Amino acid sequence: MPTSMTPAGRARLAGLALLATAAVAAWAFWPRADPAPLPEDVAQIAPSAEFADAEAAVDYYRAVLRRSPEAVEARVRLAHALLQHARTTGRETEHIPEAHRLLDEALDRDPQHYYGRTLLASLYNTLHRFEDARDLSLALLEEHPHHAYTWGTLVDAYVELGAYEEAVEASDRMLAIRPGLPSYSRAAYLRELHGDAEGARAAMRLAVDAEATGRESRAWALAELAHLYLAEAKPDTAAFLFEGVLEERPGFAPARAGLAHVALAQGDADGAIAQLEAARAEDPHPLYDELLIEAYALAGDDRRAAAASDRVLRSLYDARAMGEIVDMEEADLLADLDRDLDRVLRLAEEQVARRPGHLHANETYAWALYKNGRAAEGIPSIERALRLNTGDAMVHYRAARIYEAAGRPAEAARHLRAALDGNLHIESPTTAQEARTLLAALGGGPPVQAASVR
């Protein structure tokens with residue numbers, strides 16, 4: 001799945017089975033035609049394909065390669081197992097370069113190996129090489145237009161390139177061919193991007209129901225559903241779902257981090273810190289450090305907030321070293337830290353030129369201009385970032401700061417109200433307090449107390 005969302009999950013889409021609900025009836029889907037049978041080496045690559053024990057699979061295929069050093073299939077399967085193990089353990093910088101090398105070696109030996117090429121398309125998305133993912137996915141679909149897995153990699157590439165209409169069309173094709181967790185979760189994300197919170201939750205519930213209890217994929221979908229409820233200021237429901245995930249899969253770090261986000265939204269900085277530090281011990285994912293930055297700031301611990309920021313920055317440098325394009329993520333972080341602002345603007349300019357329709361690329365570019373004292377120049381980009389009416393509170397807050405700096409206080413106040421009405425306190429309690437203070441200074445009324453989400 002695409003990787004450019006908020007800590008609450010910024011990511012999901014809707015599905016064929018949702019046609020029974022009014023929330024999804026507005027989007028047409030391709031007819032459920034009987035597809036031509038897929039070749040055996042294609043049919044085995046289901047969108048939800050995963051090894052029951054990725055670590056054991058890694059050991060097994062390493063042994064196969066020791067016995068047969070030129071084997072193509074073993075290279076591809078080892079790459080697949082490594083990619084799964086990287087995702088579930090947070091060891092991306094260790095496993096992804098090796099998986100990439102194995103796929104390159106396999107395709108050097110057999111350039112038309114379909115399984116290897118589908119995995120490479122997915123890997124391109126992981127490395128934020130979205131143009132390569134799009135082009136390879138389209139080439140694969142020319143060969144096998146009924147392969148749902150490849151429609152999924154195409155959806156992800158289109159979303160991250162800001163080609164949202166094309167992403168919806170590709171999602172519809174995927175849903176028509178193979179309804180299931182991968183297609184429903186993408187549907188949920190696209191619904192969320194278009195401001196349809198109810199439709200996003202409905203699609204993600206279908207994603208949850210499509211998987212067996214106890215599977216890692218079901219745990220992920222439940223956690224994403226919980227984030228959707230949290231974004232709507234329903235923390236009790238979110239906490240109930242996160243706790244349910246931990247009952248099914250004890251030690252599942254994303255659910256523990258989700259409980260930390262609930263605590264953070266409720267103003268319990270100490271509780272959030274305890275949960276996040278436990279999550280980091282299980283899986284040192286940079287997302288948990290991003291939340292820790294907010295939690296430490298809320299607790300008034302600037303020293304540990306700075307240390308968490310440095311860890312996130314180091315993780316970006318490590319990701320770049322393994323071949324991932326992280327320019328936009330680096331620009332976002334450095335801008336918020338008010339560091340290297342010339343570099344921030346250069347990185348943001350490059351990314352918005354690369355994907356001019358992408359919401360977050362436009363937001364980042366507008367914010368970079370604001371941070372460099374060029375707020376008025378950022379107005380067209382921040383408006384493009386708001387064009388789908390996603391309801392993203394942080395984008396409204398940034399728009400307010402840009403308009404206020406550009407000398408347009410009425411627009412600034414309007415966006416501040418939209419940010420606060422959109423539950424900015426869920427995403428960032430400290431930013432929400434800044435928004436209330438600024439709104440009062442602009443004549444929007446006295447500073448108000450944080451909304452209760454208990």
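Observations
- Solvent-accessible area per residue for the chain (1.4 angstrom probe, square angstrom): 41 Å²
- In nm, spacing of pseudo-spin labels at residue 237 and residue 135 (7 Å Cα→C-beta vector): 4.4 nm
- Share of pairwise Cα-Cα distances greater than 21 Å in the range 203-316 is 36 percent (whole percent).
- Fully extending the segment from residue 440 to residue 302 would add 47.1 nm, taking 0.36 nm per residue of separation and subtracting the current Cα-Cα distance.
- Here the accessible area is traced with a 1.4 Å probe on the protein chains. For the chain, carbon and sulfur cover 50 percent of it.
- Relative contact order of the chain, pairs being alpha-carbon contacts under 8 Å that are 6 or more residues apart, as %: 14 percent
- With Cα atoms, 0 to 90° folded angle of helix 253-265 axis to the chain main axis: 10 degrees
- Gain on full stretching of the segment that runs from residue 52 to residue 73 - 0.36 nm per residue minus C-alpha separation: 5.7 nm
- Principal-axis tilt of helix 235-248 within the chain, Cα atoms, nearest 10 degrees: 30 degrees
- Relative contact order of the range 120-247: 14 percent, from C-alpha pairs under 8 Å at least 6 residues apart in sequence.
- Cα lying deepest toward the dipole's positive end in the chain, options 413, 306, 138, charges on Cβ: 413
- Placing a pseudo-label 7 Å from each Cα along the Cα-to-Cβ vector at residue 142 and residue 209 gives an inter-label distance of 4.0 nm.
- Dipole of the chain computed with +1 at Lys/Arg Cβ and -1 at Asp/Glu Cβ about the Cα centre; of 222, 292, 438, farthest Cα towards the positive end is 438.
- Using a Förster distance of 30 Å, the FRET efficiency for residue 338-residue 94 (Cβ separation, nearest 0.05): 0.40
- Using θ = phi - 60° and Karplus 6.51 cos²θ - 1.76 cosθ + 1.60, couplings along the range 148-158 (whole Hz; Gly, Pro as x): 4, 4, 6, 4, x, 5, 5, 4, 4, 5, 4
- Contact order normalised by residue count of the range 235-372, Cα under 8 Å, 6+ apart, percent: 13 percent
- Lys, Arg +1 and Asp, Glu -1 on Cβ, resulting dipole of the chain about Cα centre, debye, nearest 20: 600 debye
- Additional length obtainable on full extension of the chain from residue 388 to residue 274, 0.36 nm per residue less Cα span: 37.4 nm
The values are calculated or read from the model by the stated rules, or taken from the named source; none is laboratory data. What you see is a predicted model; the values in this text were computed from it and never measured. Cβ coordinates were reconstructed from backbone atoms using ideal geometry, including for glycine residues, and neighbour counts include every protein chain displayed. To get the accessible areas, we keep the full protein, side chains included, count just its heavy atoms, and leave off ligands, DNA and RNA. Shrake-Rupley method; radii C 1.70, N 1.55, O 1.52, S 1.80 Å.
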